[in-house]
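Q: Sharing a structure below in structure tokens format, with a few things to ask.
The values are calculated or read from the model by the stated rules, or taken from the named source; none is laboratory data. Note that the structure is predicted; figures quoted are calculated from it, not measured. Cβ: placed from backbone, ideal geometry, glycine included. Neighbour counts: every protein chain shown.
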Amino acid sequence: MSVEASRQRAHHKGFVRIRRFSQERRLANVEIERDVGEHDAMRRPMTTNDAATYAMTRNGTNRQRSRAAVIALWVTQVVLALAFLMAGGSKLAGVPAMVSLFDRVGVGQWFRYVTGAIELTAGIALLIPAAAIFGAMLLIPTMIGAIVVNVFVVPASPVAPLVLLLLAAAVAWARRDQLRIF
């Protein structure tokens, strides 16, 4: 093989290597541009913190709610808030029915104050959009406790606390996208 042919071959190999490198680099740039320009389901640009939730948004679980769904959610929240503002207020005010109820429970009147404060706090939180998820989550164990008390301690129907539990759970589920764990 002649020197000229060897140079041409080396030059050609180098050119192929350079061309291959430039293609890989161009593909990498395209990939970077595509990743940087991604948007979630709400058409917001995603940041690196959204990487954990990216799979959920691609599957469509982060969809925008319809107007009717938003209205239904707010009506549910307001009804729950009013119910727990009244129930918590009556416990804190010392309404005789609440005092006798907590006497029958047998834990003490301090528990009436704690329960009233929890219910009042949850009722207020349900009316604040950013805190509604926390208000609903605060009501879930409270209503589970009320159901247990109504079934095992005080002979009463557990239907009312069960309905309130289901409504609080529905609000918590509907507002679950507001919780950013990571």
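Q: Being exposed (fewer than 14 other Cβ atoms within 10 Å of the Cβ) and at pLDDT below 95, is that true of even one residue in the range 155-163?
A: Filtering the range 155-163 for residues exposed (fewer than 14 other Cβ atoms within 10 Å of the Cβ) gives 155, 157, 159, 163.
Narrowing further to those that are at pLDDT below 95: 155, 157.
The answer is yes; a qualifying residue exists.
Q: On to the next question. Are any residues in the range 109-155 touching a Pro at 6+ places or on another chain (Cβ under 6 Å) and hydrophobic (A, V, I, L, M, F, W, C), and if so, which ones?
A: Within the range 109-155, the subset touching a Pro at 6+ places or on another chain (Cβ under 6 Å) is 143, 146-147, 150-151.
Across the range 109-155, the qualifying residues are MET143, ALA146, ILE147, VAL151.
Q: Just a yes or no: is a residue in the range 82-98 at pLDDT 95 or above, in a helix (DSSP H, G or I) and aromatic (Phe, Trp, Tyr)?
A: Yes, the range 82-98 contains at least one residue that is at pLDDT 95 or above, in a helix (DSSP H, G or I) and aromatic (Phe, Trp, Tyr).
Q: Using the structure shown, decide if ALA132 is in contact (Cβ under 8 Å) with a residue 40 or more places away in the chain, in a helix (DSSP H, G or I) and surrounded by 15 or more Cβ atoms within 10 Å (Cβ to Cβ). Lay out the reasoning, then the answer.
A: On the way: in contact (Cβ under 8 Å) with a residue 40 or more places away in the chain: yes; in a helix (DSSP H, G or I): yes; surrounded by 15 or more Cβ atoms within 10 Å (Cβ to Cβ): yes.
Judged against the criteria, ALA132 is a match.
Conditions (1) surrounded by 16 or more Cβ atoms within 10 Å (Cβ to Cβ); (2) in contact with a strand residue (DSSP E or B) (Cβ under 9 Å, 6 or more places away or on another chain); (3) within 19 Å of VAL79 (Cβ to Cβ), marked per residue:
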| residue | (1), (2), (3) |
| --- | --- |
| ARG104 | no, no, no |
| PHE111 | no, no, no |
| THR115 | yes, no, no |
| LEU126 | yes, no, yes |
| MET137 | yes, no, yes |
| LEU166 | no, no, yes |
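Q: Any residue in the range 106-127 that is at pLDDT 95 or above and not in a helix (DSSP H, G or I)?
A: Yes, because at least one residue in the range 106-127 is at pLDDT 95 or above and not in a helix (DSSP H, G or I).
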